[in-house]
Structures are given as structure tokens and as C-alpha cells.
């Protein structure tokens, strides 16, 4: 079997693994794959029974305001909720997690998987009227790879050069084979942005990315901490199974509401039509009441406490990190804060991933005595640290206070300090926070996206300043092969080290992909990445 065939088989298997963990549901844009190593153009389909009604406006409640509209610098899940509506990426996933064509209609691996040739969708224009073509792809990918401060540089580090073959064909030359490349191109690293809009916007572009994408909706308004307005792109290329142009909706209003109770109230009163995040305590009630439609499937996200392990900071010594991991009671957190929604977790590799090991439970019970002994070994007295927590949501504060109480049993003091979510992200990016933060990760379809950039030395999302040569080596090994068994072995080795032997973080939970809608809203289903595909949404008259 050729390496390109093996890569294609790996991607298909990864998608099937995710599909096996979730419910089957309405169709999303999908495609019959062609010969190994290539893919055919997608055939979007109306994802719900009945006749979709065009027109209408809906309100989407989001847990925080978008921080950056520019995929180049974006680090937040909330950003992606809007990115997915205004930008198309080169490839996407369907509801089962399988990679499908998008702006790239097909792709082929050659030269021992060190060359990737993409055939691009023709007759696509950005919202500002400029053309999408191979030159645009080259400009975007080179910008993501090389621009100062790019959060995408690690995701695209395997690309050596980008070549324009002709207006509808682009070729990536890789430094080495990279099994997770297509998975990275699903997200912000593969999102196409108008060069004209970026250059005209300058420093303001990250908050004023108006008419900058090719996606189904156009960003026309962004009032910080109040609302965003997305209007229908009448020229979007997607169609439903009957050939009707997508999207159906005329407009979406996105309202950032940090308080989960208030978000749910907006949905119950009809002031909002859809959300993708409600507190675990409310799930059973929403299901029982029947006034809203609740859907979920296993997600790719993880939750962790991120310590700053840089020299001179509190958690420089790995024994402190392990002590915190030993002292917390994950079962209690799962039951008392999340009410059984999601799953207990011990590392970054999530249940839908092919490399997940359900037997990996290094801290099955809280061990306060063991944590005390580790702290005593360090010989610096009691462990006290600043615990940065996002403000505005009662569930997040409840979680932080429960962790604080659990650590107190091991004589570890976590001093809770609430800051705005964006402020904590900034401190993490600067590696300047003093103690630890309580920030989650929304997850990626390939386990490389949940591990590599978070723990590999000096990578963009390595917020804990972690560095371990054995982990770096194992993660490089899994990137360089398409053999799933070899990848899993390397990933399992890396996870053992980064979680137990020389812990980078304290992982404690895996999330779910939620979708909560009013009954009149049709055509949507949850995706494992938790992002809503609004091009399929329509309102029943």
C-alpha cells in the first residue's frame, strides 16, 4: 500500500471513529471520496426533513465576545464560532468528523507524502468582490506561516514552500510527511481571507474584518461586548440537495453573554434561537421541559488547569504540578459541577480520537496525603498559587471554588482571582501569569491538534512553557508517519510523560458538543468540534 493510500485510509478511519461515538443525524455537506489520495467536490444537502423556508433572522447566544476576527492571531473558541460563518477553509469536516472538500475540491499526496496538490473551487469571490484563486491561497498560507505573532505558525510548520501551479491549483511542498496537515487546514490555518481587506484594515482588521471572507455570511457590524451582525452572502457557492442556494437565513445576530443562566433564559423566552453552551446543571431540565431542543455528541475538547512552568515561577518544579493533579477529585467535579455531562479526563487525547486509551486513569481518586508528600519533597514550605479564572459565569466560579476546596485538603492554597477571559488569554500568550489558569481547549479532530502545540517546546499554544525532550521526540515521530498503530504508540508514550512523569498541566475533563435550539429552528445538528454550521439553518414559519 502506498503512503498516500495509507494517509487517505487513516483520515477515513479517524472520521469513522468519531462517527461511532455520536448519533446519526441530518445530513451535512459531504462527498463520495474518489480515488485514494484525492477527494471529489462536496454535494451539500438540506439537513432536515421538510421544505426549508428561506429568509428570517435568528439570534445566537455566545459565551464570550469574539476577541480576534483575524484567523492569524485568534486563540479563542468563541472566535471560531463567527469565523466559521464568514470564512471558508480549504477543507472541512462533516457531522461525523470526516474530512470533506470545501474550497479545495480535491487533493492528492505524492513524493512520499511530501507534496500535497490541491485543486481549488472555481468562480468563488470574497465578500469584497476580489477573486479567490491559487495566488490567494499562497498569500494566506504564507502569511499564516511567517507573519510575526502568528498563532498558526506551529500548525503549518511542516510546509516548506507554497507553489501556484495555475489559477485553480496550488501545491504545498512539505519539509517532512505530516499526517495531521489536512486536519489543521480544516480550521483557522486553512481559512481564506481577502488580502485586500487585510491590507486595507491594517491594525484594525482584527476587530473590523468586514467583507473579508468567502463564507455563507458577511460580517457587517461588530459592537464590542454587545452584538455582531452577520448578513447572508447571496453569492455563496453552496447549494442544498435540491439545488437551492444556501444559506437560507437573511441575518444572524450574535450576542455575547458570559453568564450561562442568562444565556439559557434568553433561549427559554425566545429572545435567542440557538446556543451551543449551557451549564451541566440545566441539561436534565431542558430535556424534561421540552420547550427547547437539546442535542449533544461526544466532543474533542478538554479542560485543564494550566500552570506556568517557566523558570522562576511557582510551578517550575514538576512535583508541584503532579501534587495538584493528585489532589483534585475529578469524579466530584464531574458530578457536582457538570452533573454527569461530558466525561472525566486525565490527558489531552479525547474519546473520539483513534489514540484514546480508556484504561489511562493515572489519578483515579484524589490523594491528598500523596500530594502533601510531594510538596514536602520540594522543600519550600506550603504551596500557594494565584488561580486565574474567567469572570462572569457562575458555573466557572463554582468549579474554581470546588477545586480550591479540594486542594485545601492537601494543604495547597489556590488564591482565586477573576479576570476577563481575554485578559487571561493575553497573560497566557505572554507567559507572564504567576500561578495557574483555568482555561479549556475546544479540541481538534486529530490528536496532534490536542497535543503538539500545547506541550512541544516553544510552540505557540504552549502556555505552560513546558519543555521535555522525550515528549518532543515522540510527538515528532507520530507526525512523520501515517501508520495509525505507530502514531498511537508514540502519542500514548507522550501522554504518559506529559500527564504523569513530567506533567505539563492538570487535565480533568472531556467536553461534549452541545446544541440548544428553539423548536422553530430547523436544519442544525451538533458537530464534534462544537461549531454551528448556520448555512443549513432555517426557521419554520
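Derivation of every value follows stated rules applied to the coordinates shown; laboratory data play no part. These numbers were taken from a predicted model, which means no experiment stands behind them. Neighbour counts run over all protein chains shown; Cβ positions are idealised from the backbone, glycine included.
Taking the Cα centre of each part, how many Å lie between the stretch 331-353 and the stretch 152-225?
33 Å
Order by neighbour count: 541, 417, fewest other Cβ atoms within 10 Å first, most last.
In increasing order of surrounding Cβ atoms, one gets 541, 417.
Looking at the chain only, what percent of DSSP beta bridges run antiparallel? Nearest 5 please.
75 percent
Express in nm, to one decimal, how much length is gained between residue 268 and residue 404 on full extension, taking 0.36 nm for each residue of separation and deducting their alpha carbon distance.
45.7 nm
Which value, to two decimals, describes the C-alpha radius of gyration of the stretch 288-384 once divided by 2.2 N^0.38 Å?
Its radius of gyration relative to the 2.2 N^0.38 Å reference: 1.36.
Simple spin-label model, 7 Å along Cα-to-Cβ: residue 483 to residue 163 in nm?
The answer from the label model is 2.9 nm.
So for the pair residue 289, residue 51, with labels modelled 7 Å out along Cα→Cβ, what separation do we get in nm?
It works out to 3.3 nm between the two label points.
May I ask you to compute the full-extension gain from residue 128 to residue 467, defined as 0.36 nm times their residue separation minus their alpha-carbon distance, rounded to one decimal in nm?
That works out to 117.7 nm of additional length.
Using R₀ = 22 Å, calculate the FRET efficiency as 1/(1 + (r/R₀)^6) where r is the Cβ-Cβ separation of residue 476 and residue 432; round to 0.05.
Plugging the Cβ-Cβ distance into 1/(1 + (r/R0)^6) gives 0.20.
Per DSSP helix of 4 or more residues, -39500 (n - 2.57); summed, then divided by the residues of the chain. What does that give at 222 nm, rounded to the nearest 500?
Here the helix-only value at 222 nm equals -9000 deg cm²/dmol.
For the ranges 61-70, 361-370, what's the packing order if you count other beta-carbon atoms within 10 Å of each residue, average per peptide, and put the highest first?
Peptide ranking by packing, descending: 61-70, 361-370.
Can you give me the Kirkwood hydrodynamic radius for the stretch 127-220, using every pair of distinct Cα atoms, in Å to one decimal?
14.1 Å
On C-alpha positions alone, give me the angle between the axis of helix 484-496 and the longest principal axis of the chain, in degrees, nearest 10.
40 degrees
Going 7 Å from the Cα of residue 253 toward and past its Cβ, which residues in the stretch 196-240 have a backbone nitrogen under 16 Å from where you end up?
220-232
If Rh is defined by the Kirkwood formula over all Cα pairs and Rg also comes from Cα, what ratio Rg/Rh do you get for the stretch 458-510?
Computed over Cα atoms, the ratio is 0.98.
Using 0.36 nm per residue, how much length does the chain from residue 369 to residue 331 gain when fully extended, once their Cα-Cα distance is taken away?
11.9 nm
How far is helix 394-408 tilted, in degrees, relative to the longest principal axis of the Cα atoms in the chain, given as a value from 0 to 90 rounded to the nearest 10?
Value to nearest ten degrees: 30.
Relative to the longest principal axis of the chain, what angle (0 to 90°, nearest 10) does the C-alpha long axis of helix 280-289 take?
Helix 280-289 sits roughly 50 degrees off the main axis of the chain.
Using mean Cβ contacts within 10 Å as the protection proxy, how do 138-150, 244-256 order, highest first?
244-256, 138-150
Please give the direction-averaged projected area of the C-alpha convex hull for the stretch 297-512, in square nanometres with one decimal.
11.0 nm²
For the chain, what does the relative contact order come out to in percent, with C-alpha contacts under 8 Å and a separation of six or more?
The normalised contact order for the chain reaches 20 percent.
If you take every DSSP beta bridge whose two residues both sit in the stretch 297-512, what share of them, in percent to the nearest 5, is antiparallel?
Taking every DSSP beta bridge with both residues in the stretch 297-512, the antiparallel ones total about 55 percent.
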